[in-house]
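A.B. asks: The structure is given below, and queries will be raised subsequently.
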Amino acid sequence: MSGKVHIMDHPLVAHKMTILRDKNTSVKDFRDLVSEIGMLITYEATRDLPLTTKHIETPICPMEAPTLKGKKFAVVPILRAGLGLVDGVLRMVPAARVGHIGMFRDEETLEPHVYFCKMPKDVAERDILIVDPMLATGGSADAAIAEMKKRGCTHIKLMVLLAAPEGIQRIQEAHPDVDIYCGALDDHLNEHGYIVPGLGDAGDRIFGTK
Ligand code: PRP
Ligand code: URA
């Protein structure tokens, strides 16, 4: 069975995604929106975090109130564009650890190469949320997930802002145990491996490098 694909169905996400896609949106606004949409998708991606209860007293009476069980959690951005999503995740889950995985795509084959990987020591015990704004061919996410599995991780989710059907299919085939959370699902990839209609090069737009 394939992992589930959760496509955000929320007017705030749809509205913010439109501003993000617009080529006239400034670097500053683009960066802020990536963070905000990341925060909104995190809300959905953490829906199954386990709860316990604790005893508190409200101004009215005592109660057994729900509280997070404190399960170990790590967010893993794929460098470099994934960095833009970290802040939004941490605003929702402030105690999360952060692991980094550096990856670049070969311009011709579009295949990714890992050049950096620094994880928390106990990463194998943690629930992992890999974050990257774009799931295009799926090569980068596929390699990042494989790298985490090599390090013993067994609970992995993938969060992206925009996905192409080709990328979704690749992850579902290679990693049927991984659920995908995305802000929107687009139409197809063009001959350069860019998502259409897409938003362009996410890294360049976040960091203003073009
Ligand atoms: C972009 C994006 C993903 C990757 C998606 O990164 O942030 O990591 O492409 O494409 P794929 O699904 O076909 O692998 P890029 O390689 O442009 O590097 P950057 O983050 O440094 O801009
Ligand atoms: N990487 C990007 O930044 N944008 C795309 O459309 C595809 C891959």
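Okay, residues lined up against (1) surrounded by fewer than 23 Cβ atoms within 10 Å (Cβ to Cβ); (2) within 16 Å of ligand 2 (Cβ to nearest atom); (3) within 23 Å of TYR194 (Cα to Cα):
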site: ILE145; (1), (2), (3): no, no, yes
site: LYS150; (1), (2), (3): yes, no, no
site: CYS153; (1), (2), (3): yes, no, no
site: LEU158; (1), (2), (3): no, yes, yes
site: LEU161; (1), (2), (3): no, yes, yes
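A.B. asks: So, of the residues in the range 185-204 that are more than 8 Å from ligand 2 (Cβ to nearest atom) and farther than 22 Å from GLU111 by Cβ, which turns out to be surrounded by the most Cβ atoms within 10 Å (Cβ to Cβ)?
C.D. replies: Here the residue is LEU185.
A.B. asks: Would you check if LYS210 is within 12 Å of ligand 1 (Cβ to nearest atom), surrounded by fewer than 12 Cβ atoms within 10 Å (Cβ to Cβ) and over 18 Å from the mean Cα position of the chain (by Cα)? Lay out the reasoning, then the answer.
C.D. replies: Values: within 12 Å of ligand 1 (Cβ to nearest atom): yes; surrounded by fewer than 12 Cβ atoms within 10 Å (Cβ to Cβ): yes; over 18 Å from the mean Cα position of the chain (by Cα): yes.
Against the criterion (within 12 Å of ligand 1 (Cβ to nearest atom), surrounded by fewer than 12 Cβ atoms within 10 Å (Cβ to Cβ) and over 18 Å from the mean Cα position of the chain (by Cα)), LYS210 qualifies.
A.B. asks: For the range 159-210, give me each residue that is among the aromatic types (Phe, Trp, Tyr), within 20 Å of PRO77 (Cβ to Cβ) and not in a helix (DSSP H, G or I). Give the steps one after another, and end with the answer.
C.D. replies: Applying the first criterion (among the aromatic types (Phe, Trp, Tyr)) to the range 159-210 yields 181, 194, 207.
Next, from what is left, pick out any that are within 20 Å of PRO77 (Cβ to Cβ): 181, 207.
Residue satisfying the conditions is TYR181 alone.
A.B. asks: Within the range 18-32, identify whether any single residue is farther than 19 Å from ALA184 by Cα, in a strand (DSSP E or B) and not aromatic (Phe, Trp, Tyr), and answer yes or no.
C.D. replies: Checked against the condition, which is being farther than 19 Å from ALA184 by Cα, in a strand (DSSP E or B) and not aromatic (Phe, Trp, Tyr), the range 18-32 yields no hits at all.
A.B. asks: If I filter the range 115-141 down to residues being in a strand (DSSP E or B), open to solvent by 20 Å² or more (accessible area, probe 1.4 Å) and more than 16 Å from ligand 2 (Cβ to nearest atom), which single residue comes out as nearest to LEU40 (Cα to Cα)?
C.D. replies: Of the range 115-141, the ones in a strand (DSSP E or B) are 115-118, 127-131, 134-135.
Those left that are additionally open to solvent by 20 Å² or more (accessible area, probe 1.4 Å): 115-118, 127, 134.
From the residues that got through so far, the ones that are more than 16 Å from ligand 2 (Cβ to nearest atom) too are 115-118, 127.
Numbers: TYR115: 30, PHE116: 28, CYS117: 27, LYS118: 26, ASP127: 19 Å.
Filtering first and then ranking leaves ASP127.
A.B. asks: To continue, here is another question. I'd like the residue in the range 179-205 that is away from ligand 1 (no atom under 14 Å from the Cβ) and either in contact with a Pro (Cβ under 6 Å, 6 or more places away or on another chain) or in contact (Cβ under 8 Å) with a residue 40 or more places away in the chain (or both) and, out of all such residues, is farthest from LYS28 (Cα to Cα).
C.D. replies: My answer is ASP179.
A.B. asks: Moving on to the next point. Return yes or no: is PHE104 among the aromatic types (Phe, Trp, Tyr), touching a residue at least 24 places away in the same chain (Cβ under 8 Å) and either in contact with a His (Cβ under 7 Å, 6 or more places away or on another chain) or open to solvent by less than 80 Å² (accessible area, probe 1.4 Å) (or both)?
C.D. replies: Numbers: among the aromatic types (Phe, Trp, Tyr): yes; touching a residue at least 24 places away in the same chain (Cβ under 8 Å): no; either in contact with a His (Cβ under 7 Å, 6 or more places away or on another chain) or open to solvent by less than 80 Å² (accessible area, probe 1.4 Å) (or both): yes.
Criteria not met by PHE104.
The values are calculated or read from the model by the stated rules, or taken from the named source; none is laboratory data. Since this is a predicted model, take the numbers as computed values, not measurements. Every residue, glycine among them, receives a Cβ derived from its backbone with ideal geometry; neighbour counts consider all protein chains shown. Calculation scope for accessible area: heavy atoms of the full protein, side chains included, ligands and nucleic acids excluded. Shrake-Rupley method; radii C 1.70, N 1.55, O 1.52, S 1.80 Å.
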